1. Could you tell me the accessible area of Glu106 in Å² (1.4 Å probe, neighbours in place), rounded to the nearest ten?
2. Expressed in nm to one decimal, what extension gain is obtained for the pair Trp252 and Glu83 from 0.36 nm per residue of sequence separation less their Cα-Cα distance?
3. In the Gaussian network model of the chain, springs joining C-alpha atoms below 10 Å, which of Thr103, Thr91, Thr46 carries the largest mean-square fluctuation?
4. Which parts of the range 59-73 would a label at Glu106 reach, counting a residue when its backbone N lies under 20 Å from a point 7 Å out along Cα-to-Cβ?
5. Given a Förster radius of 25 Å and the C-beta distance between Asp223 and Thr150 as r, what FRET efficiency does 1/(1 + (r/R0)^6) yield to the nearest 0.05?
6. Hey, for a label at Glu192 modelled as a point 7 Å past Cα toward Cβ, could you say which residues of the range 25-54 have their backbone N under 15 Å away?
7. Quick check: net charge around Tyr176, other residues with Cβ under 11 Å of its Cβ, Lys/Arg +1 and Asp/Glu -1?
8. Can you give me the distance in nm between label points at His60 and Asp174, each placed 7 Å from the Cα along the Cα-to-Cβ direction?
Amino acid sequence: MPVNADGDAVDAPEEIDGPALPVNETFYSLQGEGRLAGTPSVFVRTSGCNLRCWFCDSYHTSWEPTHAWMGVDRIVEEVLAHERADHVVLTGGEPLVHEASVTLLESLADHGYHTTVETNGTIYRDAPVDLASVSPKLASSTPTPERDPTGDGEWADRHERRRIDVDALASLVDQYDHQLKFVVTGPEDVAEIEELLARVRAAATAPVPDETVLLMPEGQTRDALDETREVVAELALERGYGYTPRLHVDLWNDAPGT
Ligand code: SF4
């Protein structure tokens, strides 16, 4: 397992020398979300998460984690093999549960890559990050018994307790060029977004302008997005926030490795 039953990182197996990460997949694709949407990028998807959103679109990194342990040097070799890419997206799961993510980011920076870290914003680590793509999880993400994909809501309390850490969010905002990306299921999410933004703005030193706040429709398939896309776009317009598509779903629906 990449994390223990509490969602905390575990050590790599002894047979791997040096820093290593549990890697679910690496692949070359277009960044699908956020202000770099459309940018050819190599994705490194670590396994293991400290949360359990019911709608998780990387189920095999959270609810049922699958992975191979890879030394950081080997991961960098895989990235280098994609010669056309100069952007790398470190995603998960929650990549920042793993201390070795810092080593990977340092090595990628040494090789001159632009790095985006996609994080749920509950953990801060000091690392060379060009864009922190922070996606705080709203109450609508909680795996209540009715929405739990695997059980009867066993993770609901833990998820609810952990999903927001204002100090970690403020550190991410203060230290990194950032975007705050909210998965929106409907208009009922907006009040919580605004309340959270007020708390983060009060805790952070750096400004958090509305244009760095991106609303993203919930939906892992084209059919699901058809139901949320327009509503969320209207909400973004009304409130002066940005809107981010889910380009990879529009292009490839729910195919893995995209
Ligand atoms: S934080 Fe991200 S990876 Fe973790 S369960 Fe939620 S959607 Fe999945």
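The values are calculated or read from the model by the stated rules, or taken from the named source; none is laboratory data. The shown structure was predicted, so the numbers you read here are calculated from the model rather than taken from an experiment. Glycine gets a Cβ as well: all are built from the backbone with ideal geometry, and neighbour counts include every protein chain shown. These area figures cover heavy atoms from the full protein model, side chains too; ligands, DNA and RNA do not enter into them. Shrake-Rupley method; radii C 1.70, N 1.55, O 1.52, S 1.80 Å.
1. 90
2. Going from the current span to full extension adds 58.5 nm.
3. Maximum fluctuation in the GNM of the chain, among the listed residues, is at Thr103.
4. Residues passing the 20 Å test: 70-73.
5. In this case the efficiency is close to 0.65.
6. Residues 51-54 fall inside that zone.
7. Result for the local shell: -3.
8. Inter-label distance under the simple model: 3.9 nm.
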